[in-house]
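Q: Submitted below is the structure of interest, expressed as C-alpha cells.
The values are calculated or read from the model by the stated rules, or taken from the named source; none is laboratory data. In this text, all values refer to a predicted model and were calculated from it rather than measured experimentally. As a convention, Cβ positions derive from the backbone with ideal geometry for all residues, glycine included, and neighbour counts pool all protein chains shown. The protein model used for the area step is the full one, side chains on, heavy atoms only, and it has no ligands, DNA or RNA in it. Shrake-Rupley method; radii C 1.70, N 1.55, O 1.52, S 1.80 Å.
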Amino acid sequence: MKQEEIDSIIEAALREDLPEGDITSENVIPPTSVSEAIILAKEDAVLAGIDVSRRVFEKIDARLSFKKMIDDGQQFRKGEVLARLKGNSISLLKGERTALNFLQRMSGIATKTREYVQAVHGTKAKILDTRKTTPGLRILEKYAVRMGSGFNHRLNLSEMVLIKDNHLSIVGSISEAVKRAKDRVRPGVKIEVEVKNFEEAREAVESGASMIMLDNISLVRMREIVDWVKGRVPIEVSGNVSLRKAKEIAFLGVDFISVGALTHSYMSIDISLEFLS
C-alpha cells in the first residue's frame, strides 16, 4: 500500500470525526494530562491494520508513543495486548475511535479470509477477493485479505479484462468479445470470461481467453467443465460461495475461488482501547 493513499483515507476519517475537535476531551481533561493505554483483544482473530491504527495516532500527535506487540497477519487470542500507547490524554482520546474502526474492520476481513483459506487447505485453490468493497477503502480491505492469506483479484476496472454477462448481452457472443479485447488491449493484459455452462466455457477457451470464471454453476456441471479444461487455462469459481461449498469446489481441482463475502459480509472484531492511567 502506498503511504500517501493510506494517509488520504486516514485524514478523511479524522475530518469526519473531528470537524471542530473533541469538545468533550478538550473541555474536561487538563491539556497537560498524560496517560498510558493498551489496545486489547476481546476475542480470537487474525490481525490486520495495526500500522494503520498507529498512523492515525501519528496524524493526531506525533509525540505519542505507539508500540505494537504483534504484526499484521498473525493470530491473536482474547485478552492479548495488541499495542501499548503513551502520551497526551486528549490526543489518545481523539484517535481512539478512528484507530479502532480501521483495526476492527480490517481484522474482521483478515479473520474471515483465513477461515476460507483453511477450508481449502490441501488443494491448489487460492482464495480471491472481489471488487465488492467499501467505497474509498478498497486498498485497506484488499490488504486485509492478504493478511488473512488470501489473494487479490483485480484492484480496479483498469487492471484486466473480465467479460461478464452484461458485456455479452451487448456484444452478442463470447468469441466476438474476446476477439475485440485481444485486438485492442495492451499485450500481457489477462482476458477472463465469465461462463454459465459447458458450451460457453469451451467457446471462451477456444477463443483464446486466458482464464474462465464459472459463476453460480452446480458442482456436477462444474466437474464436467474442469475435467474438459484440464489445465488449458486457469479456472475461477464465484457466486455465493460458503465455507462448506468452498471446500467442495476446491477438491474439484479449480485454481481460484473468489468470495465477495470477504469484504462485504465480515464481522468486525471486538477490540478496545483501555486506559491504564
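Q: Give me the percent of Cα-Cα pairs in the chain that sit more than 26 Å apart, rounded to a whole number.
A: Looking at the chain, the distances longer than 26 Å represent 51 percent of pairs.
Q: Please give, to one decimal in nm, the separation of the simple spin-label points placed at ASN152 and ILE23, each 7 Å out from Cα toward the Cβ.
A: In this crude spin-label approximation the distance works out to 4.0 nm.
Q: For the chain, what does -39500 (n - 2.57) per DSSP helix run (n ≥ 4), summed and divided by total residues, give at 222 nm, in deg cm²/dmol to the nearest 500?
A: Roughly -13500 deg cm²/dmol at 222 nm, from the helical runs in the chain.
Q: Shifting gears a bit: Explain nothing, just the number: dipole magnitude of segment 25-136 about its Cα centre with +1 on each Lys and Arg Cβ and -1 on each Asp and Glu Cβ, in debye rounded to the nearest 20.
A: 300 debye
Q: What does the net charge come to around THR133 if you take all other residues with beta carbon closer than 9 Å to its beta carbon, with K and R at +1 and D and E at -1? Don't skip to the answer; put the middle values down first.
A: Working: positive: ARG131, LYS132, ARG138, LYS142; negative: ASP129, GLU141.
That works out to +2.
Q: So how exposed is HIS121, as accessible area in Å² (1.4 Å probe, rounded to 10)?
A: The accessible area of HIS121 comes to roughly 150 Å².
Q: Another question about this same structure. Carbon and sulfur atoms: what percent of the 1.4 Å accessible area of segment 172-244 do they account for?
A: Here it works out to 46 percent.
Q: Taking +1 at the Cβ of each Lys and Arg and -1 at the Cβ of each Asp and Glu, which of GLY21, SER238, GLY188 sits farthest along the dipole of the chain towards its positive end, judged by Cα position relative to the Cα centre?
A: GLY188
Q: Can you tally the net charge around VAL28? Count Lys and Arg as +1, Asp and Glu as -1, for every other residue whose Cβ sits under 15 Å from the Cβ of VAL28.
A: -2
Q: Give, rounded to the nearest 20 debye, the magnitude of the charge dipole that the chain has about its Cα centre when Lys and Arg contribute +1 at Cβ and Asp and Glu contribute -1 at Cβ.
A: I would put it at about 680 debye.
Q: To continue, here is another question. Taking a probe of 1.4 Å, how large is the accessible area per residue of the chain, in Å²?
A: Accessible area per residue, the chain: 51 Å².
Q: Here's another thing I want to ask about it. Under the classification rounded if a/c is under 1.5, otherwise prolate if a/b is larger than b/c and oblate if not, where does segment 105-236 fall, given a ≥ b ≥ c as square roots of the Cα gyration tensor eigenvalues?
A: oblate
Q: Further, regarding this structure: Full extension from ASP183 to LYS132: what is 0.36 nm times the residue separation minus their Cα-Cα distance, to one decimal in nm?
A: 15.5 nm
Q: Take every Cα-Cα distance within segment 197-254, group them into 5 Å bins from 0 onward, and report for each bin the whole-number percent of pairs it holds.
A: 4, 19, 36, 24, 12, 4, 1
Q: Additional query: If R₀ is 41 angstrom, what is the calculated FRET efficiency for the pair ARG221 and MET1, using the beta carbon separation as r and rounding to 0.05?
A: Values: r = 39 Å, r/R0 = 0.95.
Once rounded, the FRET efficiency stands at 0.60.
Q: Counting only protein heavy atoms and a 1.4 Å probe, tell me what percentage of segment 10-123's accessible area is made up of carbon and sulfur.
A: Carbon-and-sulfur percentage of accessible area, whole number: 45.
Q: Could you size up the charge dipole of segment 163-265 around its Cα centre, putting +1 on the beta carbon of Lys and Arg and -1 on that of Asp and Glu, and report it in debye to the nearest 20?
A: The calculation lands at about 240 debye.
Q: Quote the FRET efficiency, to the nearest 0.05, computed for ARG77 versus ARG97 with a Förster distance R0 of 22 Å and r equal to the Cβ-Cβ distance. Walk me through the numbers on the way to the answer.
A: On the way: r = 24 Å, r/R0 = 1.08.
After rounding, the FRET efficiency stands at 0.40.
Q: How are the C-alpha pair distances of segment 144-185 spread across 5 Å bins, as whole percents from the shortest bin up?
A: All Cα pairs, binned at 5 Å, distribute as 5, 19, 21, 18, 14, 8, 9, 5, 0 percent.
Q: I've got another one for you. Which listed residue (HIS153, HIS264, ILE9) has the Cα farthest towards the positive end of the charge dipole for the chain, taking +1 on Lys and Arg C-beta and -1 on Asp and Glu C-beta about the Cα centre?
A: HIS153
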